[in-house]
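Worksheet: one structure, shown below.
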Amino acid sequence: MDESTIEELERLRREGRAMGGADKVARLHEQGKLTARERVDQLLDPGTFVEIGILGRSQHGDLRHRTPADGLVAGWGKIDGRQVYVTSEDATVVAGTRGRVAETKTARVRELAYLHKAPYIALMEAGAGRFQEANGAMAAGIGHRFREHYKLSGRAPVIAAFMGMCFGGPSFTAMQSDFVTIVKGTGFMGMSGPPVVKVGIGRDVTPDEIGGAEKATKITGQADYLAEDEADCLRSIRRFLSYFPHNCFELPPRAEPRPAPMETPEGRDKITRLVSDNHRRAYDMEQLVRLFVDDGEIFHYRELYGRNLITAWARIDGEVVGVVGNQPKHWAGALDDKATRKARKFVELCDAYHIPLVFLTDCPGFIVGPDIENQGMVSLASRFLNTIIATTVPITTIVVRKAIGLAYIAMAGKTMEPDAIVAYPTAQFDMMGPAAGVELTYGKEIAAAPDPAALRKQYLDKAEEAASAYLAAEMALIDDVIHPAETRDVIRSVLDRVRTSRVPGFKHRIDP
């Protein structure tokens, strides 16, 4: 080839890498943001990124020379040595609007991720689709991205990061993902942005009101991780993937086994003393979890949403487990609509990717009353029960204190067929809380008694005695009553017993 031919190729490549130009890149940096290319470089193992479509450009006459790489960095690379596919949207090109060529590049990357059974990661900062390229009857053919995302679901992990304005289509595909992280202060999601809201309903609203990071992680629960900055956002993706297999045809990766804090004399004393015999005295369930898992390390899923329930990934002797535990510090650990929603998706994620589950039960029941009924709580609870019933991964159930009624069943109680079900000496089982049961059954008698308080206490003492974990063990309704310091051993035993029966493969897709 002539030297000029090669020089032309290199010139075109340089133009593709230049993004929207030095001025726009500088403005992005002033906002505390990384460029689309810097994000990819920070996310992936150094030197592993291979780009496709760098020569892509809009084919619209007015946009052709303004759209290097058509505003999308796409390709593949490695995270911790494992292959992943990635797209990163470039806000410096035509204000981040989405073009048809960029959509074609994205479809290609998703297609390869599906064919090669590898994780797909979308680093998102996209405006609406470009009106010039998709207006009129062309809109009859839009929407392939949703089918592509659906096909990937449950086969290989799919991750979305809100790193800028992502109203409309990007938000929808993000919700089809397994893990969604959003950057505080700069990440936004929602059905439509402020200009469309203004046209549609005549209201002036801010991006935060529609779907800022705080709202998405605390109120709606549509984002799973609140990142402090872009570096934290990218780290969270790497951490999430470290707990997951490359695809559903593999088991989760094992790490080097590490001791748990409870395996020291000091740690054993802490786990023994942490849970009070007084059921009205709160404790921190997260502290309990950190005492029995490797290195005391956990990775929260939706930490700020439904805080009355902990959902997190951790390891036991290097093996990944998903932990679901009531949090007595919030609502006494009772289940509401938020906790139920996040638990359902967490369990489905763990089941699809063969991650064993550990349930830590200390729950006085589901929240009741008109407000919670307005959320469709009966349907939410029933759907969660269906999810637990359908779960095929190993389950360890540890009843810490309260195991009451339907909430006990939903927290992988006896009839959910866990691989082990044990209780601490502080545990109590009942159809409803002893206090409520006594009032419903003996309320009139107590009110008419010469000393109502004394009679109520008498009935309460009998009810609590009848709810004892020891009595449940006597009737062989649980496997054992254990010392808190034996918690790790019980989980370890389940993982050892089921090892040869765990067969990876596709199970199901994961609903938003």
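Observations on the model:
- Residue tally, condition farther than 20 Å from Phe366 by Cα, surrounded by 21 or more Cβ atoms within 10 Å (Cβ to Cβ) and not small (Gly, Ala, Ser), over segment 299-315: 3
- Asp45 vs. criteria surrounded by 14 or more Cβ atoms within 10 Å (Cβ to Cβ), among the acidic types (Asp, Glu) and in contact with a strand residue (DSSP E or B) (Cβ under 7 Å, 6 or more places away or on another chain): yes
- If the condition is being assigned to a helix (DSSP H, G or I) and surrounded by fewer than 18 Cβ atoms within 10 Å (Cβ to Cβ), then segment 271-285 contributes Thr272, Arg273, Leu274.
- Flag if Arg239 is of a type outside the set (Gly, Ala, Ser), in a helix (DSSP H, G or I) and free of Cβ contacts under 8 Å to residues at least 24 places away in the same chain: no
- Members of segment 297-306 that are of a type outside the set (Asp, Glu) and either closer than 13 Å to Gly325 by Cβ or out of contact with any strand residue (DSSP E or B) (no Cβ under 9 Å at 6 or more places or on another chain) (or both): Ile298, His300, Tyr301, Tyr305, Gly306
- Filtered residues of segment 261-304 (kept if polar (S, T, N, Q) and at pLDDT below 95): Ser276, Asn278
- Where a residue in segment 253-277 is over 18 Å from Arg315 (Cα atoms) and its partner, wherever it lies, is acidic (Asp, Glu), with Cβ under 9 Å and at least six apart: Leu274/Asp284; Val275/Asp362
- Residue check, Val289 in contact with a strand residue (DSSP E or B) (Cβ under 9 Å, 6 or more places away or on another chain), more than 15 Å from Thr220 (Cα to Cα) and either among the acidic types (Asp, Glu) or in a strand (DSSP E or B) (or both): no
- Residue in segment 182-228 that is modelled with the lowest pLDDT, counting only those that are of a type in the set (Gly, Ala, Ser) and part of a helix (DSSP H, G or I): Gly200
The values are calculated or read from the model by the stated rules, or taken from the named source; none is laboratory data. Only a predicted model underlies this, so the values are computations on that prediction, with no experimental measurement involved. All Cβ positions, glycine included, derive from the backbone under ideal geometry; neighbour counts span all protein chains shown.
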